[in-house]
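Following: one structure in structure tokens, then a few remarks.
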Amino acid sequence: MFDGTYGKNETLPNRVLTSNSGFYLGFTPLFWLYLEWLDGLEKLIVVQKKGNCGEFAVAIKTLLRDVTGLKTRVVSMEGFDHAFPELYWNGSWWVFDAIFTTPKYPVRAENYADYLKENKRNVYECLRNLKDGETGTSVLAEHGFKVVNVTIIAIIDPAIGNADDKPAENADVEIFALKNWYDPLVGRGKTDEEGKYQTVLRRYGDYVIVAKSSDGRFVGVLEVDGRELSNGSEIVVRLHKYE
């Protein structure tokens, strides 16, 4: 039995230990080693039997892994505030989301997009990315969604004309989905020395890209239609004075 704490003002042990209020961890390095290296934090979440979708996903991932010996992982959604566990079996990842999207039976990951489109249309439309909770890499394509690799190019444009244009090195880039479920930020990173930032986007819906120069003096905002993107697309965001 796992009790959900959505909307409840409860203090969860796993959150205390990983927050600033768990300052005493600095004086117990062996305990910290147990939490980080020996999966102690995951085991604590199993034992506490409380939390939101993130804790539930970790608990099921841990139990499935320890009982079956198979590979497991937690997948987090962007564009829709949710996370769920997966199990690797018979050559495929399977979604075990008893809380929300697949409560009746597991769904093969490669069929997940079609399943959501048919059974959870609001999730299908708002979801913009799926990421492996441990590596942070996108697994959206693995789940049957149409995705594209794109390059965002940030250009500092201080005046009219192109004479003063230059790449915005180390600029902050944020990508927002206009249609979302309390989770509009679906991508974040920094540009390289050529002002470029590479990422994966879903070919669906509208995005707003915001780029800000490293010194905070220039900012650019651009709206993009995901349906017009193709693999290898370059999206140029021009940064102007931010005063």
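The values are calculated or read from the model by the stated rules, or taken from the named source; none is laboratory data. Computed from a prediction, not measured in an experiment: that's the story for all the values here. Here the Cβ is made from the backbone with ideal geometry for all residues, glycine too, and neighbour counts use every protein chain on show. Just the protein is used for accessible areas: all its heavy atoms, side chains included, with ligands, DNA and RNA removed. Shrake-Rupley method; radii C 1.70, N 1.55, O 1.52, S 1.80 Å.
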- Item | Fraction of accessible area attributable to carbon and sulfur, the range 88-142 (%, probe 1.4 Å) | 45 percent
- Note on the structure: Around GLY136 (Cβ within 14 Å, Cβ-to-Cβ, excluding GLY136; K/R +1, D/E -1) the net charge comes to 0
- Query: Using the per-residue mean of other Cβ atoms lying within 10 Å as a proxy for protection, in what order, highest first, do the peptides 200-206, 62-68, 91-97 fall?
  - Reply: 200-206, 91-97, 62-68
- Message: Per residue of the range 72-84, what does 6.51 cos²θ - 1.76 cosθ + 1.60 with θ = phi - 60° give for ³J(HN,Hα)? Whole Hz please, x for Gly and Pro, Karplus curve as stated.
- Response: 9, 7, 10, 10, 10, 8, 10, x, 9, 6, 6, 8, 8
- Note on the structure: Taking every other residue with Cβ under 13 Å from the Cβ of TYR242 and scoring Lys and Arg +1, Asp and Glu -1, one gets 0
- May I ask for the net charge around ALA171, where only other residues with Cβ less than 13 Å from the Cβ of ALA171 are counted and Lys, Arg are +1 while Asp, Glu are -1? -1
- Query: At q = 0.12 Å⁻¹, what log₁₀ I(q)/I(0) does a Debye calculation on the Cα points of the range 110-243 give, no solvent, two decimals?
  - Reply: -0.49
- Message: Report, in listed order, any pair from LYS104/LYS146; LYS166/LYS196; LYS131/LYS196; LYS166/LYS212; LYS61/LYS131 with a Cα-Cα distance greater than 19 Å.
- Response: LYS104/LYS146; LYS131/LYS196
- Could you order peptides 77-89, 138-150 by the average number of other Cβ atoms within 10 Å of their residues, highest first? 77-89, 138-150
- Query: What accessible area per residue comes out for the range 87-243, rounded to a whole number of Å², with a 1.4 Å probe?
  - Reply: 55 Å²
- Label-to-label distance, nm, for residues given as ASP225 and ASP206 (7 Å Cα→Cβ offset): 1.1 nm
